[in-house]
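Everything on this sheet refers to the single structure shown next.
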Amino acid sequence: MKNLTFLLLIAITFSSCSSDNELSIQNSNSLDFTEVMSFQVDTLDMDIISDVSTNSLFITSSNEDVWPEQFERVIKYNLSNSTQSEIIHDDDTESRQIEIVNNTIYSFSYISTIKYDLNLSNINDINYYNGLSYSKSTKYNNDIIILSGERCHDCTDMPLKLFDTNSETFNELSVFPNGIRMHADGSVLNDKLYMFGGTDLTTIYNELNIYDITNDIWSQETLPFGIYESFTSIYNDTIFVGGNKESDNSSAFIGIYDTTTNLYSELTTSLNLDNITIRGITILNDEIFVAYIDLVSPMPDLMTVKVVKASLL
């Protein structure tokens, strides 16, 4: 854990310079990435997760063709033998999010919830409606929180939905107190949800919104910059957060938030963050995996997603 230990020591050293609601930012040694695999898509909306039991990455994307030609494509990439398999099924929505609970993959969108097993078989449409478009999701114990997203075009509030994997139903967990946030990802540690940045389509927010699930209390920290879209993954007591600062999906960044010190530190990497758009991150077996697309003008109809990894040891 040389790189990560070094990062956290720097953050602690500078903690006395930070106010109670202002997070420090310090540079660090670089994360050195190597390419794992690549594939092509016609959309920027996708999600990547990982599973330790199969040592695999799972990536979902929904094409942008008009109905009835829409479909969801799910890729499974086995890191042990570098093999790839996939399923494609009819779908009438975009921007799906996937989570794994008890060897089942749940795929969420605004108008349908689908599940299938880790072999990408036994697909089943189990629920029609979760209520938030362009949302994000994160695991909470054996359930899943649907966070951020827009409930309707003229709504002024945003509910957090809890998906109970036993009953396979949605319940309202809380209501976000500060309007709506779209494209804001988050993770849960010690019964607290940490939600990074986001937009209401007019403003890009530099907020870290924290929800104490047990006590139903919201609080807020200030990040060093606004984040249009974020992607998160947990590593020990830290949350790795990557994403893009601008509404054109540019100005990529990767950083860590230490939940024990409440400090944010931005990382330098071997990636050229000025010329890519990050499309997802996940952590598996002490390695961080980042999915990204090169930014060119104009963007092609078919874009190549590159998945790269770097060691955290």
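The residues neighbouring residue 171, those whose beta-carbon lies less than 13 Å from its own, together hold a net charge of -3 under the Lys/Arg +1, Asp/Glu -1 convention. Please find the FRET efficiency linking residue 235 to residue 154, where r is the Cβ-Cβ separation and R0 is fixed at 51 Å, and quote it to the nearest 0.05. Once the sixth-power term is evaluated, E becomes 0.85. Among 82, 233, 62, the largest mean-square fluctuation in a Gaussian network model of the chain, built with springs joining Cα atoms closer than 10 Å, belongs to 82. Highest mobility in the GNM of the chain, judged by mean-square fluctuation with C-alpha springs under 10 Å and restricted to 107, 137, 230, is found for 107. Translational diffusion of the stretch 69-120, estimated by Stokes-Einstein from the Kirkwood radius over alpha carbon pairs at 10 °C in a medium of 1.306 mPa s, is 134 µm² per second. Each Lys and Arg Cβ is given +1 and each Asp and Glu Cβ -1; about its Cα centre, the chain then shows a dipole of about 760 debye.
Could you compute the FRET efficiency for residue 127 and residue 102, with r as their C-beta to C-beta distance and R0 at 22 Å, rounded to 0.05? In this case the efficiency is close to 0.85. Indicate the gyration tensor shape class of the stretch 222-313 (rounded, prolate or oblate), computed on the Cα atoms with a ≥ b ≥ c the square roots of the eigenvalues: a/c under 1.5 is rounded; otherwise a/b larger than b/c is prolate and the rest oblate. Note, shape of the stretch 222-313 comes out oblate.
A simple count of charges around residue 285, restricted to other residues whose Cβ falls under 12 Å of its Cβ and scoring Lys, Arg +1 and Asp, Glu -1, yields -2.
What the chain shows is 42 Å² of accessible area per residue, with the surface traced by a 1.4 Å probe over protein heavy atoms. Among the trypsin sites (Lys or Arg not before Pro) within the stretch 120-218, not one is in coil by DSSP while having at most 15 neighbouring Cβ atoms inside 10 Å. A helix-only calculation puts the chain at -1000 deg cm²/dmol for mean residue ellipticity at 222 nm, using -39500 (n - 2.57) for each DSSP H run of at least four residues, averaged over all residues.
Note on the chain: Cα-only Rg and Dmax are 18.4, 57 Å.
Protein heavy-atom surface of the chain, 1.4 angstrom probe: 44% of the accessible area is carbon and sulfur, with nucleic acids and ligands not counted. Counting every alpha-carbon pair across the stretch 83-180, the share separated by more than 19 Å comes to 40%. Anisotropy class assigned to the stretch 173-243 is oblate, per the alpha carbon gyration tensor with a/c at or over the 1.5 cut-off and a/b no larger than b/c.
Once backbone amide H atoms are built at 1.01 Å from N, residue 189 has 194 as its partners under 5 Å, excluding neighbours fewer than 5 places away on the same chain. Residues within the reach of a label modelled at residue 70 (point 7 angstrom out along Cα to beta-carbon, backbone nitrogen below 11 Å), restricted to the stretch 106-136, are 109-112, 134. Local charge sum around residue 120 (other residues, Cβ-Cβ under 13 Å, Lys/Arg +1, Asp/Glu -1)? Within the 13 Å Cβ shell, the charges total -1. Computed over the stretch 156-313, the range of Cα coordinates on each principal axis works out to 44, 38, 35 Å, biggest value leading.
Averaging the Cα positions of each part gives two centres, and for the stretch 163-230 and the stretch 282-307 these lie 24 Å apart. Derived scalar couplings between HN and Hα for the stretch 211-227 equal 10, 7, 5, 5, 9, 6, 10, 9, 9, 8, 10, 10, 7, x, 7, x, 10 Hz in order, rounded to whole Hz, by the Karplus curve 6.51 cos²θ - 1.76 cosθ + 1.60 (θ = phi - 60°), x for Gly and Pro.
The values are calculated or read from the model by the stated rules, or taken from the named source; none is laboratory data. Just so we're clear, the structure is a prediction, and the values are computed from it rather than from any experiment. Here the Cβ is made from the backbone with ideal geometry for all residues, glycine too, and neighbour counts use every protein chain on show. We work out accessible area using only protein heavy atoms, side chains counted, and drop any ligands, DNA or RNA first. Shrake-Rupley method; radii C 1.70, N 1.55, O 1.52, S 1.80 Å.
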